[in-house]
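Have a look at the structure below before the remarks.
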Amino acid sequence: MNAVTLGPAGTYSHRAARAVAAEVSFRESVTAIVDAVASGEFERGVVPIENSIEGSVTESLDALADYDVAVTREVVTPIRHALLAQDEEFEAVASHSQALAQCRNWLEANYPDAGLEAVASTARGVERAREDARVAGIGHPDNAGDDLEILAADIQDRTSNATRFLVVAPESARSDAGGKTTLIVYPNANYPGLLLELLEAFADRNLNLSRIESRPSGERLGDYLFHFDVDAGLYEDHMAAAVRDIEAIADKGWVKVLGSYDTEHVLD
């Protein structure tokens, strides 16, 4: 099986993808990853969906809504950020915007005068540090290699820092089996009690929502779609009934069921 994820080699996405496939290729954006899977170019894609400090990755949410794919697995991995540089004399810190945000307090306390440079991935930030002695990168300490110093380890603002990755597959791979289900709902409507109706479809059946998120639909200002993660599989009768209710409520819009899946914890 081949998989595609955020590159270059050495990103946290790469570490998660190695739990999915031995052969891993890279793209520079989440949208490009999901597009490559939807088109059949790759069998699987691995995209970050949520971080315990910074919350949801909006590009992933939007890509899942825009492309016809399935979710077949969830991979959760701890995030250990280190500051990597050629030496202490650097002027800027480069990394993915999420990594910079996850280390915001530490950076302000220790390097308040350093500029921040958002790049496509943590590995790209480490590459910048290798290329330019004026730049430090934030990435996994294993990425230091022989040419960079680990100036500080575990610099994330919270020690519990972890990221959820979703494994996306062609739509035909969607499964009803698993302990969690993800669906996206576009009601194409706006009236008092709409969100309550959607939530009651789950609450009335004692179904737990582990995540709910709204995103602009892109159709018009003030128009939204909703992402739901539910702690149940589609094979369960009460979950299937909830989806039917949701489809009836959103009869003027659409409901995209990405499938049911299980969670894997990767500690590497």
Given the conditions (1) hydrophobic (A, V, I, L, M, F, W, C); (2) farther than 21 Å from residue 72 by Cα; (3) not in a strand (DSSP E or B), report the number of the one that residue 225 does not fulfil.
(3)
Here is a list: 166, 207, 198. Which entry is assigned to a strand (DSSP E or B) and among the hydrophobic types (A, V, I, L, M, F, W, C)?
166
Could you list, in sequence order, all residues of the range 228-239 that are in a loop (DSSP other than H, G, I, E, B) and either open to solvent by 60 Å² or more (accessible area, probe 1.4 Å) or farther than 23 Å from residue 73 by Cβ (or both)?
231, 235
Are any of the residues in the range 110-122 outside any strand (DSSP E or B), touching a helix residue (DSSP H, G or I) at 6+ places or on another chain (Cβ under 6 Å) and open to solvent by 40 Å² or more (accessible area, probe 1.4 Å)?
no
Anything in the range 212-224 that is under 18 Å from the mean Cα position of the chain (by Cα) and either of a type in the set (Phe, Trp, Tyr) or surrounded by 16 or more Cβ atoms within 10 Å (Cβ to Cβ) (or both)? List them, or say none.
213, 215
Any hit, the range 80-89, residues being free of Cβ contacts under 8 Å to residues at least 60 places away in the same chain, outside the structural domain of residue 166 (by the TED database) and within 30 Å of residue 141 (Cβ to Cβ)
yes
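This table checks each residue for (1) hydroxyl-bearing (Ser, Thr, Tyr); (2) within 24 Å of residue 50 (Cα to Cα); (3) touching a helix residue (DSSP H, G or I) at 6+ places or on another chain (Cβ under 9 Å).
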site	(1), (2), (3)
204	no, no, yes
207	no, yes, yes
212	no, yes, yes
221	no, no, no
225	no, yes, yes
228	no, yes, yes
232	no, yes, yes
236	no, no, no
240	no, no, no
Failed item, numbered, when residue 155 is tested on (1) closer than 30 Å to residue 235 by Cα; (2) of a type in the set (A, V, I, L, M); (3) in contact with a helix residue (DSSP H, G or I) (Cβ under 7 Å, 6 or more places away or on another chain):
(1)
Given the range 1-78, what strands (runs of 3 or more DSSP E) lie entirely inside it while holding 2 or more residues that are of a type in the set (D, E, K, R) and over 11 Å from the mean Cα position of the chain (by Cα)?
23-27
Residue 258 - would you say it is part of a helix (DSSP H, G or I), hydrophobic (A, V, I, L, M, F, W, C) and out of contact with any Cys (no Cβ under 6 Å at 6 or more places or on another chain)?
no
Identify, by number, the condition in (1) in contact with a strand residue (DSSP E or B) (Cβ under 8 Å, 6 or more places away or on another chain); (2) modelled with pLDDT of 95 or more that residue 162 doesn't meet.
(2)
Are any residues in the range 148-185 under 30 Å from residue 84 (Cα atoms) and among the aliphatic types (A, V, I, L, M), and if so, which ones?
148, 150, 151, 152, 153, 155, 162, 166, 167
Any hit, the range 87-99, residues being in a helix (DSSP H, G or I), at pLDDT below 95 and open to solvent by less than 30 Å² (accessible area, probe 1.4 Å)
yes
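The values are calculated or read from the model by the stated rules, or taken from the named source; none is laboratory data. None of these values were measured; they are calculated from a predicted model. Neighbour counts run over all protein chains shown; Cβ positions are idealised from the backbone, glycine included. Only protein heavy atoms, including side chains, enter the accessible area calculation; ligands, DNA and RNA are left aside. Shrake-Rupley method; radii C 1.70, N 1.55, O 1.52, S 1.80 Å.
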